[in-house]
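Since the structure comes first, as structure tokens, the remarks are kept for the end.
The values are calculated or read from the model by the stated rules, or taken from the named source; none is laboratory data. This one's a predicted model, so the numbers in the text were calculated from it and none came from an experiment. Cβ sites come from the backbone with ideal geometry, for glycine too, and all protein chains shown count toward neighbours. Note: accessible area is taken over every heavy atom of the protein model, side chains too, but ligands, DNA and RNA are not part of it. Shrake-Rupley method; radii C 1.70, N 1.55, O 1.52, S 1.80 Å.
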Amino acid sequence: MTSSASVAPLRAKFRKLEEERERTWEPAALAVNVNQRATLIRDHGKTASVVKAGDVLPQFTLPAVDGSTVSLDDLVAKGPAVLVFFRFAGCPACNIALPHYRDTLWPELKASGIPLLAISPQPTALLSEIATRHDLPFPVATDMGLKLSRALGLSYTFDEPSRQSALAKGGKSEALNGLENTWELPKPAVIVIGPGRVVRFADVSPDWMDRTESDRVLAALGLGKGEASHAA
């Protein structure tokens, strides 16, 4: 496993991806992507109450890609837990973020006995691909029908150019979220919850190419720089 000290920050990795797209994508396709993200940044928090520190999450039990189920109450039975919301298994940015968290966040959490759960609305049969591809050591679960994402104010609806672009590529909303003709995904987010499902830290990224760095999560838990004390 790569040392976290030698891993580039997420922002640098995403900038590299953006530069590649600027070189290789058709201008019209690039504009659809850029404009959708800009709209999400502009409108973030205007139409829904977005999860924040001090909120109490509803109790949810989610199906994991390995066939098990994960209860939020069970996650916090002995202390805090970290929830990572992401878009879908084929999302290029998610395929950067999740292995980054595997290398830079998970080792500290595991040493401290703190669970991490990655969550996407994608059906488990398709979602399992990202867990297998990156050999993720933490569970990956499905937020069926975006119920939890919606409850936390995380979900967004594709704008019309993005919807038409997805349809032109043969995409179906059911493959992203299990819902027919509902082009909706969660904004990426990292949430730390404690006993009672009380939110201790929440960072929501309206731009899916700008996500929470691992050191911010570790700092919220009182960890970092190789510390392994349990943040109870």
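When the alpha carbon coordinates of the stretch 61-159 are projected onto the principal axes, the ranges are 41, 27, 24 Å, largest first. Here is how the number arises for the chain: DSSP H runs of 4 or more residues each give -39500 (n - 2.57), the sum is divided by the residue count, and the result at 222 nm is -11000 deg cm²/dmol. If you wrap the chain in the convex hull of its Cα atoms and look at it from every side, the mean projected area works out to 12.2 nm². Peptides 154-161, 114-121, 19-26 ordered by packing proxy, namely the average of other Cβ atoms within 10 Å per residue, highest first: 114-121, 154-161, 19-26.
In a simple Cβ point-charge model (Lys, Arg +1; Asp, Glu -1; nothing else charged), the stretch 113-219 has a dipole of about 240 debye relative to its Cα centre. Charge dipole of the chain (Cα centre as origin; +1 on each Lys and Arg Cβ, -1 on each Asp and Glu Cβ, all else neutral): 260 debye, rounded to the nearest 20.
Heavy-atom accessible surface of the stretch 105-198, averaged per residue, reaches 41 Å², computed with a 1.4 Å probe.
Apolar share of the accessible surface for the chain: 53 percent from carbon plus sulfur atoms, 1.4 Å probe. Remark: the stretch 161-177, residue by residue, has Karplus-estimated 3J(HN,Hα) of x, 5, 5, 5, 5, 5, 5, 5, 8, x, x, 10, 4, 4, 6, 9, 9 Hz, where x stands for each Gly or Pro and the curve is 6.51 cos²θ - 1.76 cosθ + 1.60 at θ = phi - 60°. Pairs of alpha carbons in the stretch 97-232 separated by more than 27 Å make up 24% of all such pairs.
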